[in-house]
Each structure stands twice: as structure tokens, then as C-alpha cells.
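Asker: Here you go, one structure.
The values are calculated or read from the model by the stated rules, or taken from the named source; none is laboratory data. Keep in mind it's a predicted model, so treat the numbers as computed, not measured. Cβ sites come from the backbone with ideal geometry, for glycine too, and all protein chains shown count toward neighbours. For the accessible areas, the whole protein counts, side chains as well, though only heavy atoms, and no ligand, DNA or RNA atoms are used. Shrake-Rupley method; radii C 1.70, N 1.55, O 1.52, S 1.80 Å.
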Amino acid sequence: MAAQGAGIGTVEQLEHPPAVTPPWPCPAKSWYVVGVLLLAYTLSFIDRMVLSLLVAPIRAALDISDTQVSLLIGLAFALFYTLLGLPLAWIADRYNRRNLILVGIAVWSFMTAGCGFAGSYATLFAARMGVGVGEATLSPAAYSMLSDYFPRDKLARAMAVYSIGVPLGAGIALILGSFVVQAVLAAPMVDMPFFGAMDAWRLIFVWVAAPGLLIALLMFTVREPLRRGRQAAGPAPIASAASTPGLIAHLRTQRSALGALFGGMSLIGLVMYGAIAWIPTFFARTYGMDVADAGLWFGVIMAVGGTIGLLVGGSLADHLYAKGVADAHLRVMRLSILLGGPPLLATVLMPDPTLAFVMLALAYPCMTLHGVGGVALQLITPNEYRARMTALYFFVVNLVGLGFGPMLIALLTDNLFQDDAALRYSIATVTAIALPIAAIILTLGFKGFARELARMSAEAGAAPA
């Protein structure tokens with residue numbers, strides 16, 4: 001009887017055979033994908049941040065204020081980066097994510113080069129919006145892809161390496177940009193074939209855009225992975241499994257956890273993006289440093305300190321989580337504020353540039369511990385919503401952080417202090433107010449996040465990966 005039962009099976013077993021979970025891609029291929037995506041993410045931040053080194057020549061060429069420059073650095077980019085992130089993520093949840101990223105790289109590289117050919121403030125603003133459109137394709141699709149390339153117990157490490165693209169890209173932009181600025185801006189005009197004489201600062205945009213073509217070609221070597229971990233069982237069509245009403249219901253269910261994660265990260269981003277945009281100019285205005293030299297040292301601190309902070313933050317969150325601390329990721333984010341906030345505030349109040357750089361070197365590895373926020377989001381999000389939840393996360397965080405961080409500091413300088421030399425006090429004011437509020441928001445979200453993580457973990461354990 002046992003043999004018969006085992007050989008024939010029940011009618012229900014024949015009609016609904018148990019799902020066979022396909023094996024995960026081999027680790028070498030998966031880490032290769034991480035490497036390619038890291039290159040793309042690094043390049044995106046180089047293209048995004050190099051404008052912060054060109055404040056002086058752009059202001060002179062276009063006769064604009066600090067506030068107008070801050071709009072180019074922040075809002076012009078963040079507006080379309082955030083608004084188009086959601087519909088592009090809808091595409092990523094349904095169609096080929098590799099192809100979406102490939103097209104995005106080509107678009108943002110073309111528009112970065114277009115910044116160099118902008119003939120007015122309006123056209124430069126439009127080109128910066130185009131850069132945002134292209135870059136909006138990357139992270140939502142990349143986060144979703146990585147969750148299908150790595151099992152849960154290895155996902156945090158993969159995303160930590162991918163996230164290194166933020167400090168590495170911004171750091172390289174400042175390091176290489178400092179040498180480019182020194183070399184190129186020594187000559188006010190450069191003769192270009194077919195275009196004639198061009199302002200030297202315009203060529204910088206063309207040069208940093210060029211590697212994008214190579215990375216776009218490299219994306220052809222990346223395969224679209226099998227989608228895993230959907231809530232809808234069986235071969236249900238993607239359209240129904242990832243419907244908008246289902247996403248809205250998901251948002252309502254997790255409003256406590258997501259509110260803490262989005263709110264805390266947004267205020268951290270407000271300070272971090274504001275600092276990245278204005279610290280080279282702060283050193284120039286406060287201490288009389290050459291902005292290229294300030295960018296060089298700041299770039300080294302960002303690239304080295306940011307990489308250390310992200311890796312340590314990921315390892316610390318994994319360690320605490322393994323010991324049963326369910327809200328480990330939010331606790332690490334709060335720790336980044338408690339450890340990094342005071343030296344970051346002290347940076348802009350130091351009496352000389354050496355002490356300021358020492359404080360900045362202490363602050364940056366601590367402040368970048370917060371990079372585990374993206375991992376926390378993936379842990380409480382089902383597969384069919386991951387790209388759109390990631391896009392929504394970037395929408396909120398970047399709209400607040402990148403869109404208003406640089407602008408808020410500039411508004412305080414132009415309107416409250418009404419003195420370019422008071423930039424240090426504008427940075428200090430934003431830092432001293434935003435970071436404590438962020439720490440409070442994260443603390444209030446500990447219980448809600450732990451509850452949602454337990455629920456998602458239980459559902460993941462009850463369904464095939």
C-alpha cells in the first residue's frame with residue numbers, strides 16, 4: 001500500500017504537483033553581476049556629483065546665485081529622478097530589468113554630455129533633469145535583480161557591495177574632478193573639432209559621460225534572472241500578482257515600519273546630500289582653499305570612509321540580526337547618527353582646515369553605516385513589489401535629501417545669513433536640526449519594523465523561495 005501510494009499519488013498531487021525551486025545562479029556569475037552594477041552605480045554618482053566642483057565657473061558663466069546652482073545640483077536632477085522612478089519601476093516589476101538598466105545608462109550618459117553643450121540656465125536645468133531620468137532606471141531594477149541572484153542569507157553582503165557605488169562614485173568624482181578642474185580650467189577656452197572654442201568647464205561633463213558607453217555595452221553580458229519569492233502562488237500572470245491595489249494594501253499594512261524607514265533615511269539624506277554638495281565650497285569660502293584641492297581631500301574621505309562605513313554597517317546589521325535583534329537594521333541606522341552626527345557638526349565649526357578634515361574623516365565612516373536601509377526594505381517587501389517599493393523609497397529619500405538638502409543650505413546662506421562666508425553656519429543649522437529628528441523617528445519605528453519582518457519571514461518560510 002505504501003508503495004502504491006508513493007508510486008501513484010493522489011489526484012490533487014497529480015493536478016497540482018509540488019513546485020520545484022530552481023537552483024540559485026552560481027556565485028561567480030552572481031558576483032559578476034554585482035560588479036557590473038557597481039560600475040554602473042559608481043558612474044551614475046560621478047555624473048551626478050561632478051557639478052558640485054564647478055560651482056564657481058558655472059555661476060560666472062551663467063550669472064546665477066547659490067540658490068540657482070543648488071537647484072541644478074539637487075532639484076533639477078531629483079525632480080525627474082524621483083517622479084519617473086515609479087513608472088520605470090512598474091516596468092522593472094514586469095519586463096526585462098537588464099534592458100531597462102542598459103537604456104538608462106545610455107540616456108544619463110548622453111544627457112550628462114548635454115550639460116556641457118547647454119547654452120543657458122534653462123537648457124542646463126533640462127539636461128540635469130535628463131540625467132535624473134536615466135539614473136532613475138538603475139537602483140529599483142538593480143535591487144530587484146540582486147534579490148533574485150542571491151538567497152536571503154547572502155543578499156545583505158551583495159547589496160552592501162553594490163551600495164559602495166555611492167561613496168565610491170561621489171569620491172571619484174571629487175578626486176578625479178579636482179585634477180580635471182586644475183588641468184582644464186587653467187585654460188579659459190579649449191578648441192574642439194566641429195564645435196570651435198568651448199568653455200573648459202563644459203568639457204568636463206563630456207569627459208565624465210564617455211565611460212557610460214562602455215558600461216552600457218558591458219550590460220549585454222548580464223542575464224535577466226528568474227524572479228523568485230512572489231506572494232502569488234502558481235503561474236499567475238505578473239499583471240495580477242503585482243497589481244497597484246495590492247501594492248497600496250501592502251503600504252497600508254506596513255505604514256509603521258515604512259514610515260520610520262522612509263522618514264529617518266530622508267532626513268539623513270537631507271544632511272548627507274547637502275554636505276556633499278557644499279563642503280568643497282565651504283572649504284574654499286571659509287579657509288581660502290582651492291575648491292579642487294578641497295574636493296580632492298573630501299573625495300578621498302568619501303571613497304575610503306564611505307566604503308568602510310557601508311561594509312561595517314552591513315556586517316554589524318547581519319551580526320545583530322543573527323543574534324535575534326529583529327530591528328537590527330534600524331538600530332544601525334540610528335547608530336550612524338549618534339556616532340557620526342557630532343563630528344560632522346564639528347567639521348564646519350573648526351578654526352582651521354586641518355581640524356575640519358580630521359573631523360570629517362571621523363564623521364564619514366560613521367554616517368555611512370546607515371546604508372543598510374536599502375537592505376531593510378528588501379527584507380520586508382515581497383518580490384512582486386520590490387522594484388516599485390525601492391523606487392518609492394528613492395522617491396521619498398531623494399526628493400527630501402537630494403531635492404531639498406543642497407537647496408535648504410543655499411536658502412539659509414542667501415536669505416537668513418545673507419553672506420557667502422556664512423555657508424558653514426547653514427550646514428551646521430541643517431545638521432543640528434535634521435539628525436536628532438531622524439534618530440527619534442527611527443527609534444519610534446523599531447517595534448513596527450520587527451513585527452513586519454517577523455511576518456514576512458514567516459510567509460517566506462511557508463512558501464518556496
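Asker: Distance between Cα centroids, the range 51-103 to the range 420-434: provide it in whole Å.
Answerer: If you average the Cα positions of each part, the centres end up 24 Å apart.
Asker: Per q in 0.19, 0.23 1/Å, what log10 I(q)/I(0) does a Debye calculation on the alpha-carbon atoms of the range 77-124 return?
Answerer: Calculated log10 I(q)/I(0) at the listed q: -0.72, -0.90.
Asker: Starting from the Cα of Asn99, step 7 Å along the direction of its Cβ; do the same at Asp63; then give the gap between the two resulting points in nm.
Answerer: Distance between label points: 4.9 nm.
Asker: Just subtract the alpha-carbon distance of Phe179 and Asp293 from 0.36 nm times their residue separation and send over the number in nm, one decimal.
Answerer: On the way: separation 114, 0.36 × 114 = 41.04 nm, distance 0.85 nm.
Fully extending the segment from Phe179 to Asp293 adds 40.2 nm.
Asker: Quick check: residue separation of Ala458 and Leu355 times 0.36 nm, minus the Cα distance between them. What number comes out in nm?
Answerer: Numbers: separation 103, 0.36 × 103 = 37.08 nm, distance 5.00 nm.
That works out to 32.1 nm of additional length.
Asker: So if each residue of separation counts as 0.36 nm, and I subtract the Cα-Cα distance between Thr221 and Gln418, what length gain in nm does that give?
Answerer: Numbers: separation 197, 0.36 × 197 = 70.92 nm, distance 5.27 nm.
Answer, rounded to one decimal: 65.7 nm.
Asker: Measuring from the lowest to the highest alpha carbon on each principal axis, how far does the range 267-397 reach, largest first, in angstroms?
Answerer: Largest first, the range 267-397 extends 51, 31, 21 Å along its Cα principal axes.
Asker: Considering Cα pairs under 8 angstrom that are at least six residues apart, work out the relative contact order of the chain and quote it in whole percent. Don't skip to the end; give the middle numbers.
Answerer: Working: 748 pairs, mean separation 113.9, N = 465.
Relative contact order for the chain comes out at 24 percent.
Asker: Checking the cross-link filter: which lysines have an alpha carbon closer than 21 Å to that of Lys29, excluding same-chain neighbours under 8 positions apart?
Answerer: Lys154
Asker: Where the centre of each part is set by its Cα atoms, how far does the range 127-157 sit from the range 289-318, in angstrom?
Answerer: 21 Å
Asker: Heavy-atom accessible area per residue, the chain, 1.4 Å probe: how many Å²?
Answerer: Roughly 40 Å² per residue, with all protein chains present.
Asker: Students often forget the sequence filter, so: which lysines lie under 23 Å Cα-Cα from Lys447 once same-chain residues fewer than 8 apart are removed?
Answerer: Lys447 reaches Lys323.
Asker: Right, here's the next one. Rounded, prolate or oblate: which fits the range 312-465, taking a ≥ b ≥ c as square roots of the Cα gyration tensor eigenvalues, rounded meaning a/c under 1.5, else prolate when a/b beats b/c? Walk me through the numbers on the way to the answer.
Answerer: Details: a/c = 3.01, a/b = 1.93, b/c = 1.56.
Because a/c hits 1.5 or more and a/b exceeds b/c, the range 312-465 counts as prolate.
Asker: Let me ask something else about it. Compute the normalised compactness of the range 16-130: alpha-carbon radius of gyration over 2.2 N^0.38 Å, N being the residue count.
Answerer: Details: Rg = 19.0 Å, N = 115, 2.2 N^0.38 = 13.4 Å.
Scaled against compact globular proteins, the figure is 1.43.
Asker: Using alpha carbons only, how many degrees (0 to 90, rounded to 10) separate the axis of helix 244-253 from the longest principal axis of the chain?
Answerer: 80 degrees
Asker: So, one more: Cα axis of helix 152-163 to longest principal axis of the chain: angle in degrees, 0 to 90, nearest 10?
Answerer: With both axes taken from Cα atoms, the answer is about 20 degrees.
Asker: Cβ neighbours within 10 Å, averaged per peptide: list 376-382, 250-256, 169-175, 114-120 in order, most packed at the top.
Answerer: On the way: 376-382: 23.0, 250-256: 14.9, 169-175: 25.1, 114-120: 16.9.
Descending packing order for the listed peptides: 169-175, 376-382, 114-120, 250-256.
Asker: Please label the shape of the range 296-353 as rounded, prolate or oblate, based on the square roots a ≥ b ≥ c of the eigenvalues of the alpha-carbon gyration tensor (a/c under 1.5 means rounded; beyond that, a/b larger than b/c means prolate, else oblate).
Answerer: It comes out oblate by the Cα gyration axes.
Asker: With only alpha-carbon pairs counted, each pair once and no self-pairs, how large is the Kirkwood hydrodynamic radius of the chain in angstroms?
Answerer: Working: mean 1/r = 0.0435 Å⁻¹.
When all Cα pairs of the chain are included, the Kirkwood radius is 23.0 Å.
Asker: Grab the beta carbon distance between Lys323 and Lys447, set R0 = 25 Å, and tell me the FRET efficiency rounded to 0.05. Write down the numbers at each step before the final one.
Answerer: On the way: r = 18 Å, r/R0 = 0.72.
Calculated value: 0.90.
Asker: Convert each backbone phi in the range 279-284 into a coupling constant with the Karplus relation 6.51 cos²θ - 1.76 cosθ + 1.60 (shift: θ = phi - 60°), then list the ³J(HN,Hα) values in order as whole Hz, x for Gly and Pro.
Answerer: Once rounded to whole Hz, the list reads 5, x, 5, 4, 5, 5.
Asker: Any idea what angle helix 138-149 forms with the longest principal axis of the chain, computed on alpha-carbon atoms, 0 to 90 degrees, nearest 10?
Answerer: The angle comes out near 30 degrees.
Asker: Shifting gears a bit: Under the classification rounded if a/c is under 1.5, otherwise prolate if a/b is larger than b/c and oblate if not, where does the range 395-448 fall, given a ≥ b ≥ c as square roots of the Cα gyration tensor eigenvalues? Before the final figure, lay out the partial values.
Answerer: Details: a/c = 4.52, a/b = 2.01, b/c = 2.24.
Judged from the Cα gyration tensor, the range 395-448 comes out oblate (a/c at least 1.5, b/c at or above a/b).
Asker: Turning to a different aspect of this structure: Just to confirm a number: summing +1 for Lys and Arg and -1 for Asp and Glu over residues other than Thr443 whose beta-carbon lies under 11 angstrom from that of Thr443, what do you get? Can you show the working numbers first?
Answerer: Numbers: positive: Arg331, Arg334, Lys447; negative: Asp327.
My count for the surroundings of Thr443 gives +2.
Asker: On the accessible surface of the chain, probed at 1.4 Å, how many percent belong to carbon and sulfur atoms?
Answerer: Numbers: 13430 of 18770 Å².
Carbon plus sulfur share of accessible area: 72 percent.
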